[in-house]
Amino acid sequence: MITIGSNCIGCTKCVRVCPFGALSMVDKKAVVNSACTLCGACVPECPVKCISMPAKATPAADNSAYRGVWAFMEVINGGIRPVGYELLSKGRELADTLGEELCAVVIGDNMTPFFAEISSYGADKIYSLNGPSYKEYNTDIFSHAMIELIKKHKPSTVLYPSTYVGRDLAPRVAAEIHVGLTADCTGLSVNAERNLVQTRPAFGGNIMADILTPNHRPQMATVRPNVMKKVVLRAGSNAVVVNEVIPLSANAGRVKILSKHIDDVHSLDKLDEAEVIISGGRGMKNSSGFALLKELSEGLGGAVGASRAAVDLGFMPKDRQVGQSGVTVRPKLYVACGISGAVQHIVGMEASDTIIAVNKDPQAPIFNVCKFGIVGDAHQILPRVIEEVKKNK
Ligand code: FAD
Ligand code: SF4
Ligand code: SF4
C-alpha cells in the first residue's frame, strides 16, 4: 500500500484519480485502504509530493536460466485445436526477437501424424507426451505433466489457448510453480528488457493494459482464439521431436470422466472455428428474427453470432457474443444483420475474409468495414436470401 505523508494539504486530487476507490478523506487528510493495488496513478497528482510507493520488495530475478518460447497445443477430438497454430505463429515472432527456440508441447494419444503440421508453423522442437492416459484432457494429469516439463526445461515464456482447457490448465500450473499469468491477451510483444508485454483489455474493455511479469519465469499468458494470425512458414518436419515420459502423479485417478454431454450450442457450430457466421443485432428485433439467421446459417453450414445488444436482450446466449467482451472470430464469411457496427463489435470480427452487412440505416458504421452492403430491412431481405440459398444448394 502507498504511504501518505503528514504534509498532506487535503486537496483531494489523489482521491479523484484513484481507479480502485482506495483513497478517501478523513479529517481533511487523505487516507488509503487495503484496496490499493499500488498502480501509482495517485503519486504524480499530489501537488506537495507526499505520496510514496513502497520500496520494491522483490529484487530483480536472474532470468537468464530460462530460455525458450512454448505453445501448449490443445488436443480436441483427436486433432490439434487451430488456436494452437495461432500461438505458434505469435510464438515464432517472440522467439525470433528473443533469439530463443520455439517449442510446441503436445500432450495426447498418438499425435505423431500432426507433427509435420506443427513444424510447418515454425516450431523448432516438439515436446511430446504420448499415451492413453493423455487421450482426454484431465486437470490433474495435464497440470502435473506441464509443471514437470517446465521445471525440467525452464522456458522463458509459455502460451496457452484461452479455451475451457487453457483456462483450466494455465492457472493450476501458475499457482503450483508460483508465477504470474495474464488471461485473455489480445497482444504479445517483447520489450527492451526482454520481458513479455502482455496486452489485454482492462476495466470492462475501456482501456488496454500492458502487463509485465519481470521477476518470475516462465512468463505465462492465455490468448483468445482468432486473435493471432496463423502463418505457415515451411513444409515438412524440421522440428526436433523430444519424447518425454513423466510418471503420473498420485492425484492422477482423482478426477475421472464418467460421461460426456455435448451441449447443442457448442456442438456443430462452434463460433470461434466456424467458416461462415451469420450474426444479428438489436435490429433483428426478437427471437423470430434470429430464427431467420439460424435458417440461413444452416443453409450455408455456418454458425449464428450476435452483438452485445442482442445478447443483453436475451435473443442469444452470452457465448454467442462477437466482439471485445465476447468471442473474436475470423471466418471466411461474416454476415452482420441489424448490427450498427460499434467499435467494440468491429474489433471482434474485422479480420473476417469477407463481411456482408444488412442494415436499414445507410449511415450505419458497419458499412465502413463491409465488402458488400445491403441497405434495407433484414426481415424482408433474409427470407429472399434463404430461398436463393435453398434453391442453389
Ligand atoms: P444498435 O447499436 O442498437 O444497432 C442496431 C442496428 O440495427 C442499427 O444500425 C439499425 O439501423 C439497425 N436496424 C434496426 N432495424 C433494422 C432492420 N429491420 N433491418 C436492418 N437493420 C436494422 N458490443 C458487441 O457487439 N460485442 C462486444 O463484445 C461488446 N463489448 C463491449 C464492451 C464495452 C466495454 C462496451 C462499453 C460496449 C461493448 N459492446 C459490445 C456494445 C457496443 O458498444 C454496442 O452497444 C453494441 O455492439 C450495439 O449492438 P447492435 O449493433 O446490435 O445495436
Ligand atoms: Fe489508488 Fe493506485 Fe494510489 Fe493505490 S497507488 S491509492 S490504487 S491510485
Ligand atoms: Fe493530500 Fe496529496 Fe492527496 Fe492532495 S493529492 S489529498 S495533498 S495526498
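Name, by its number, the condition in (1) among the polar types (S, T, N, Q); (2) over 17 Å from the mean Cα position of the chain (by Cα); (3) modelled with pLDDT under 85 that does not hold for Asn206.
The number of the failed condition is (2).
Give the residue that is nearest to Leu169 (Cα to Cα), with candidates limited to residues of segment 69-100 that are crowded, with 17+ Cβ neighbours inside 10 Å and of a type in the set (D, E, K, R).
Glu74
Check whether at least one residue in segment 257-269 is modelled with pLDDT of 90 or more and touching a helix residue (DSSP H, G or I) at 6+ places or on another chain (Cβ under 8 Å), and report yes or no.
No, there is no match, as no residue in segment 257-269 is modelled with pLDDT of 90 or more and touching a helix residue (DSSP H, G or I) at 6+ places or on another chain (Cβ under 8 Å).
Pick from Ala30, Ala22: which is in contact with a strand residue (DSSP E or B) (Cβ under 7 Å, 6 or more places away or on another chain), within 9 Å of ligand 3 (Cβ to nearest atom) and not acidic (Asp, Glu)?
Working: Ala22 fails: within 9 Å of ligand 3 (Cβ to nearest atom).
Result: Ala30 is the single residue among Ala30, Ala22 that is in contact with a strand residue (DSSP E or B) (Cβ under 7 Å, 6 or more places away or on another chain), within 9 Å of ligand 3 (Cβ to nearest atom) and not acidic (Asp, Glu).
I'd like to verify a number: residues in segment 118-136 that are buried (at least 20 other Cβ atoms within 10 Å of the Cβ) and out of contact with any Asp or Glu (no Cβ under 7 Å at 6 or more places or on another chain), how many?
Matching residues across segment 118-136 total 6.
For segment 192-242, enumerate the residues that are under 28 Å from Glu275 (Cα atoms) and of a type in the set (Phe, Trp, Tyr).
Hits for segment 192-242: nothing passes.
Give the residue, chosen from Gly91, Gly68, Gly99, Gly84, that is in contact with a Gly (Cβ under 8 Å, 6 or more places away or on another chain), within 30 Å of Ala192 (Cβ to Cβ) and not hydrophobic (A, V, I, L, M, F, W, C). Before the answer, list the steps.
Working: Gly68 fails: in contact with a Gly (Cβ under 8 Å, 6 or more places away or on another chain); Gly99 fails: in contact with a Gly (Cβ under 8 Å, 6 or more places away or on another chain); Gly84 fails: in contact with a Gly (Cβ under 8 Å, 6 or more places away or on another chain).
Within the list Gly91, Gly68, Gly99, Gly84, the selection yields Gly91.
The values are calculated or read from the model by the stated rules, or taken from the named source; none is laboratory data. Quantities reported herein were computed from a predicted structural model and do not represent experimental measurements. Cβ atoms come from the backbone with ideal geometry, glycine included; neighbour counts cover every protein chain shown.
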